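Notes to accompany the following structure.
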Amino acid sequence: MKTDDLINMLSTNVEPVDRGQLRRSLGLAVALGTGGALVAALLTLGVRPDLHEPGALAFLGLKLAFSAGVVLVASLLLTRLARPGGERRTRPVLALLPFAAIVLLAGLSLAYAPSTHWEAMIVGDMWLECLVSIPIIAIVPFAVIVWTVRRLAAPTDLARTGAFAGLAAGGVSAMGYALHCMDDSLPFIALWYGGTIILCTVAGALLGPRLLRW
Amino acid sequence: MIANEAELRALMTAGLNGDAAAHRVLLDRLSRHLRAYYKNKLARIGRSADEAEDLVQDALMAIHTRRHTYDPGELFTPWVHAIARYKLIDHLRHTKASMADGPIEDAADFEAQDDHAGAESALDLDRLLARLPEKMRRAIRHVKIDGLSVAETAARCGMSESAVKVSVHRGLKAMAAAIAQGRTT
């Protein structure tokens with residue numbers, strides 16, 4: 001094929017481009033993923049039964065705030081990374097902010113608690129369920145986000161883009177799991193929520209180069 | 001970066017608004033930059049220059065089908081350069097070349113021009129089209145190759161105008177994907 005012929009073809013009947021499409025679609029993908037994760041968590045795990053207690057409600061709010069913070073930062077960075085050269089204009093350090101906040105709170109709560117309580121606060125009752133549920137629930141939002149990025153975006157750093165897709169999916173999934181989770185301690189949230197979300201991020205970084213190639 | 005950022009950016013913006021003439025000029029200019037860039041890079045790591053034209057076309061196709069990812073508030077040349085570089089790295093990675101052989105960081109070569117009009121790749125347009133589903137193939141043939149309007153094509157194929165537009169859009173993306181795949185197999 002002659003390059004001139006290709007140029008001819010591409011510049012015949014050129015349609016105007018919808019410039020807001022990329023941002024809108026990525027936002028929609030995260031929203032759909034969130035909806036999917038919440039429904040999946042409700043159907044498979046169910047809501048925690050003690051929601052009428054104020055303490056439970058406060059911890060649910062805290063877990064949701066942390067996960068939503070992760071999702072927000074990840075989505076913002078993902079929107080940048082979705083454009084060619086976007087990796088030069090992103091500061092991945094921003095993604096650490098929600099983690100730094102929860103680790104700080106966890107540290108404070110340990111400092112004010114007697115050391116005999118530490119093990120119970122860190123390990124909780126359902127750490128295994130948390131460790132398994134969050135990555136599994138994350139699969140659906142991850143697929144939706146990756147599909148959208150593949151279809152519309154043009155990332156030029158696939159590992160990093162995959163990592164932030166994984167981070168967003170992990171955060172969304174943690175929001176869903178929080179509805180069910182009854183382990184109410186800050187160190188538990190920092191370690192098991194934070195840890196599994198980071199696990200999702202690493203998985204995304206590993207899968208990115210394969211899944212996001214264009 | 002390329003010296004004529006302002007000019008290319010104006011052409012790109014016009015093209016995004018549907019100005020076909022500006023889009024043609026843009027792709028033509030970019031093809032020269034891309035050709036010089038790829039020939040230079042491939043030569044520097046001791047690869048055949050024959051691969052350059054495949055890469056030029058792959059990059060042009062990517063620039064066209066992903067042009068909505070350009071944010072008009074940002075500089076244009078870094079956007080193009082990022083695509084050109086991505087396609088080169090992808091090519092080298094999937095053809096098992098050692099990345100340590102040559103630096104591909106600097107954009108200085110991108111300023112070079114190459115007047116190789118009529119350059120040809122190993123890709124075959126008919127074969128690319130043949131891989132598409134019937135509807136997309138007909139839409140692309142009429143609208144993008146024969147230059148019929150969307151309305152005429154719609155009437156001729158018995159499709160709605162928006163269906164024609166969608167078919168053209170999806171067809172071009174499928175072709176871009178096929179080019180990107182075919183380059184490395």
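What the table shows:
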| read-out | value |
| --- | --- |
| Estimated Rh, segment A:76-123: Kirkwood, alpha-carbon pairs, angstrom | 13.3 |
| Rg/Rg_ref, segment A:41-98, where Rg_ref = 2.2 N^0.38 Å and atoms are Cα | 1.60 |
| Cα-centre dipole for the protein assembly as shown with unit charges at Cβ (Lys and Arg positive, Asp and Glu negative), debye to 20 | 680 |
| Size of charge dipole - segment B:123-185 - debye, nearest 20, with Cβ of Lys, Arg +1 and Asp, Glu -1, no other charges | 200 |
| Options A:S173, B:Y86, A:F188, ranked by Cα towards positive dipole end of the protein assembly as shown, top entry (Cβ charges) | B:Y86 |
| Per-q log10 I(q)/I(0), the protein assembly as shown, q = 0.10, 0.12 Å⁻¹ (Debye; single scatterer per alpha-carbon; no solvent) | -0.74, -0.94 |
| Relative frequency of Cα-Cα separations exceeding 22 Å in chain A, percent | 52 |
| By accessible area with a 1.4 Å probe, ligands and nucleic acids excluded, highest first: order of A:V39, B:V168 | A:V39, B:V168 |
| Value in Å of the Kirkwood radius, where segment A:134-177 supplies the Cα pairs that are averaged | 10.5 |
| Size-normalised alpha-carbon gyration radius of segment A:21-65, reference 2.2 N^0.38 Å | 1.52 |
| Net +/- balance of residues flanking B:V150 in space, Cβ distance below 10 Å, scoring K and R +1, D and E -1 | -2 |
| Quotient of Cα Rg and 2.2 N^0.38 Å for segment B:1-82, N being how many residues it contains | 1.11 |
| Shielding by partners - mean other protein chain Cβ count within 10 Å, residues of A:153-162 | 3 |
| Cα convex hull of segment A:60-141, projected area averaged across orientations, nm² | 6.9 |
| Coordinate range along principal axes, alpha carbons of segment B:123-185, Å, largest first | 39, 18, 15 |
| Averaged over A:13-25, number of beta-carbon atoms from partner chains that fall within 10 Å | 5 |
| Cα-based reach from B:K87 at 30 Å (exclusive), listing lysines while leaving out same-chain residues under 8 positions away | A:K2, B:K39, B:K41, B:K96, B:K135, B:K144, B:K165, B:K173 |
| Most to least accessible of A:W192, B:W79 (protein chains only, probe 1.4 Å) | A:W192, B:W79 |
| Partner chain coverage, peptide B:135-143 - average Cβ within 10 angstrom | 1 |
| Largest to smallest accessible area among B:D50, B:D58, B:D19 [probe 1.4 Å] | B:D50, B:D19, B:D58 |
| Local electrostatic count at B:M61 - Lys and Arg +1, Asp and Glu -1, tallied over other residues with Cβ under 10 Å | +2 |
| Degrees between helix A:127-152 axis and first principal axis of chain A (Cα, 0 to 90, nearest 10) | 20 |
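The values are calculated or read from the model by the stated rules, or taken from the named source; none is laboratory data. Because the structure is a prediction, the values reported are computed rather than measured. Neighbour counts are summed over all protein chains in view; Cβ atoms, including those assigned to glycine, are modelled from backbone coordinates with ideal geometry. The accessibility values were calculated without ligands, DNA or RNA, using every heavy atom of the protein model including side chains. Shrake-Rupley method; radii C 1.70, N 1.55, O 1.52, S 1.80 Å.
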